[in-house]
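Worksheet: one structure, shown below.
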Amino acid sequence: QVQLVESGGGLVQAGESLRLSCAASGRFSRYAMGWFHQAPGKGREFVAGITWDGRNTRYVDAVKGRFTISRDNAKNTLYLQMDSLKPEDTAIYYCASSRLMNRLSDVLADFHSWGQGTQVTVSS
């Protein structure tokens, strides 16, 4: 099992950048990781995922070319670099770990540990 704590959210203007971090305890390097977000009144949605070794990633179409997911297993930390932010990116962002090692899932049920979330707000 993994315990996760997100940080790095905040209020920015459209076009600016943020880097989210997710600090993990437990056997972080054994798990694939993902970032999800949830806007007010909406469900939690997949944003980006990364394999346990960082060699493969996937992104929802809306963030391709703008967001970069990465990890540093030596530091037990997951990152989401968010560039060219848009107002529609406004949401609470969560990191999560998955038991899957051979593929990247975008399904919530495939992730077993979750952080508390960090708020990202992008103004026009």
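The values are calculated or read from the model by the stated rules, or taken from the named source; none is laboratory data. It should be emphasised that the depicted structure is a prediction, and the values quoted were computed from it without experimental measurement. Methodologically, a virtual Cβ is constructed for each residue, glycine included, from the backbone with ideal geometry; neighbour enumeration extends over all protein chains shown. Keep in mind that these areas ignore ligands, DNA and RNA; they rest on the heavy atoms of the full protein, side chains included. Shrake-Rupley method; radii C 1.70, N 1.55, O 1.52, S 1.80 Å.
When residue 101 is tested against (1) at negative phi; (2) at pLDDT 95 or above, just one condition goes unmet, and that condition is (2).
Return the only residue of 55, 30, 44 being touching a helix residue (DSSP H, G or I) at 6+ places or on another chain (Cβ under 7 Å) and open to solvent by 50 Å² or more (accessible area, probe 1.4 Å). Before the answer, list the steps.
Values: 55 fails: touching a helix residue (DSSP H, G or I) at 6+ places or on another chain (Cβ under 7 Å); 30 fails: touching a helix residue (DSSP H, G or I) at 6+ places or on another chain (Cβ under 7 Å).
44 is the lone residue from the list that is touching a helix residue (DSSP H, G or I) at 6+ places or on another chain (Cβ under 7 Å) and open to solvent by 50 Å² or more (accessible area, probe 1.4 Å).
The set of residues in region 82-104 being farther than 26 Å from residue 26 by Cβ, in a loop (DSSP other than H, G, I, E, B) and open to solvent by 30 Å² or more (accessible area, probe 1.4 Å) consists of 83, 84, 86, 90.
Taking each residue of region 105-124 that is modelled with pLDDT under 95 and looking for partners that are of a type in the set (Gly, Ala, Ser) and open to solvent by 70 Å² or more (accessible area, probe 1.4 Å) with beta-carbon atoms closer than 7 Å, six or more apart or interchain, yields nothing. Condition check: farther than 14 Å from residue 32 by Cα and of a type in the set (Phe, Trp, Tyr). Does residue 111 satisfy that? Here the answer is no, as residue 111 does not meet what is asked.
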